């Protein structure tokens, strides 16, 4: 498989994931009935599956792996945190205040994920000094 194609699919699905999360987060804040639309329950999960598959493909292609390479280990744990905060923000947190805070935490973790991916460092702020 072509590295550039897999990388481009991965980057595109990252953008789609962020866009869909921001849309659903805004709808949650507005208490919009749009959150209950069928496509809203299907498309984000389909995109995230493609995102994960392309990420695994990239790791295999570059022969770097979580629990072996520090930056991918950081991405792995940050991904788990993003999923946790995102789930709390969109459905599991009990109050709107908790959902709002969880959404902001998810977006912060998302930014960290992108910085780690670009820098290949678990401490990306140290790379950009």
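The values are calculated or read from the model by the stated rules, or taken from the named source; none is laboratory data. Note that the structure is predicted; figures quoted are calculated from it, not measured. Heads up, the Cβs are rebuilt from the backbone with ideal geometry, glycines too, and the neighbour counts pull from every protein chain shown.
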Handout entry: Identity of the residue in region 81-95, more than 20 Å from residue 51 (Cα to Cα) and in contact with a helix residue (DSSP H, G or I) (Cβ under 6 Å, 6 or more places away or on another chain), that ends up surrounded by the most Cβ atoms within 10 Å (Cβ to Cβ)
Key = 89
Exercise for the section: Give me the pairs, please: first residue somewhere in region 48-74 and in contact (Cβ under 8 Å) with a residue 60 or more places away in the chain, second residue anywhere and surrounded by fewer than 17 Cβ atoms within 10 Å (Cβ to Cβ), beta-carbon distance under 7 Å, and either six or more positions apart or on two chains. Expected result: 61/3
Exercise for the section: Give the residue, chosen from 24, 7, 34, that is more than 24 Å from residue 121 (Cβ to Cβ), surrounded by 15 or more Cβ atoms within 10 Å (Cβ to Cβ) and in contact with a helix residue (DSSP H, G or I) (Cβ under 8 Å, 6 or more places away or on another chain). Expected result: 24
Exercise for the section: Among the residues of region 37-62, write down those that are under 24 Å from residue 93 (Cα atoms) and touching a helix residue (DSSP H, G or I) at 6+ places or on another chain (Cβ under 8 Å). Expected result: 40, 43, 44, 47, 48
Practice task
Confirm whether residue 16 is at pLDDT 95 or above and surrounded by 14 or more Cβ atoms within 10 Å (Cβ to Cβ).
Solution key: yes
Exercise for the section: Could you tell me whether region 94-103 includes any residue that is in a loop (DSSP other than H, G, I, E, B), over 13 Å from the mean Cα position of the chain (by Cα) and farther than 22 Å from residue 8 by Cβ? Expected result: yes
Exercise for the section: Determine whether region 63-83 contains at least one residue that is part of a helix (DSSP H, G or I), farther than 22 Å from residue 112 by Cβ and more than 11 Å from the chain's Cα centre (by Cα). Expected result: no
Practice task
From 49, 87, grab the single residue that is in a helix (DSSP H, G or I) and within 18 Å of residue 108 (Cα to Cα).
Solution key: 87
Practice task
Could you tell me whether any residue of region 96-108 is surrounded by fewer than 18 Cβ atoms within 10 Å (Cβ to Cβ), farther than 25 Å from residue 124 by Cβ and free of Cβ contacts under 8 Å to residues at least 24 places away in the same chain?
Solution key: yes
Practice task
Answer with yes or no whether residue 1 is buried (at least 16 other Cβ atoms within 10 Å of the Cβ), farther than 20 Å from residue 116 by Cα and in contact (Cβ under 8 Å) with a residue 60 or more places away in the chain.
Solution key: no
